[in-house]
Amino acid sequence: MKIEYLNDYNFYLYLNKEYIIDLELDNKESIEKYFKMMFMKLKKNYHIDIYGYYNIRVYANNNYGIIVDVFKLSDDYFKMPNNKIDMKIAIDKDNVFIYEIDDYFFARKYDRNIKNIYFKDQKYYVELNDEIDDTFYFHLMEHSNIIFDDEAYEIIKTSLKL
């Protein structure tokens, strides 16, 4: 699990597929229960004060797992009693995640795992096949940045496909 803070009200949770084995994205109750448990874990382990009303957007990808965009609505508008949590959850299944890398030859070395390679602004971006080698994927996670949602589609649309 990785947490990336964008500002006081917004952060991303990166949860790889091994971390979310029991999560059923088609079951609303399972999702709500999972995120309430996740928030309690964040509060306990990372001392993040989580209470109030949240908009949550889940970006799911078969290779990676999920990236969760957590946005807290202002306390001025939504007051929750006794530090409780409430949330509105939207799920985008089967998103395209691309991976920003610096080394073109790294991508070529693991060619069978890669569906497409894109080039834009002196950076390389790889889109993965549905089935990939675990060793390659662990190495990729250490040496890349994950790009998703609109930014990924923009790069795919406007870059040079190699």
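The values are calculated or read from the model by the stated rules, or taken from the named source; none is laboratory data. All values derive from a computational prediction rather than experimental measurement. All Cβ positions, glycine included, derive from the backbone under ideal geometry; neighbour counts span all protein chains shown.
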request  = Give Asp103, Asp86, Asp111 a once-over and let me know the one that is in the same structural domain as Asp49 (by TED's automatic domain parsing) and either loosely packed, with under 14 Cβ neighbours inside 10 Å or within 30 Å of Tyr34 (Cα to Cα) (or both).
outcome  = Asp86
note = The condition from (1) in contact with a strand residue (DSSP E or B) (Cβ under 8 Å, 6 or more places away or on another chain); (2) not assigned by TED's automatic domain parsing to the domain that holds Phe35; (3) not in a strand (DSSP E or B) that Glu127 misses is numbered (3)
note = Condition set touching a Phe, Trp or Tyr at 6+ places or on another chain (Cβ under 9 Å) and not in a strand (DSSP E or B), scope the stretch 1-33, selection surrounded by the fewest Cβ atoms within 10 Å (Cβ to Cβ): answer is Asp22
request  = May I ask you to say which residue of Ile117, Ile132, Ile156, Ile146 is in a loop (DSSP other than H, G, I, E, B) and in contact (Cβ under 8 Å) with a residue 40 or more places away in the chain?
outcome  = Ile132
key: Residue list for the stretch 34-59, filter: buried (at least 20 other Cβ atoms within 10 Å of the Cβ) and under 10 Å from the mean Cα position of the chain (by Cα)   = Val58, Tyr59
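Taking Tyr124, is it over 21 Å from the mean Cα position of the chain (by Cα) and not small (Gly, Ala, Ser)?
On the way: over 21 Å from the mean Cα position of the chain (by Cα): no; not small (Gly, Ala, Ser): yes.
Considered against the rule, which asks whether it is over 21 Å from the mean Cα position of the chain (by Cα) and not small (Gly, Ala, Ser), Tyr124 comes out as no.
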inquiry  = Ile114 - would you say it is more than 19 Å from Glu4 (Cβ to Cβ) and among the aliphatic types (A, V, I, L, M)?
reply    = yes
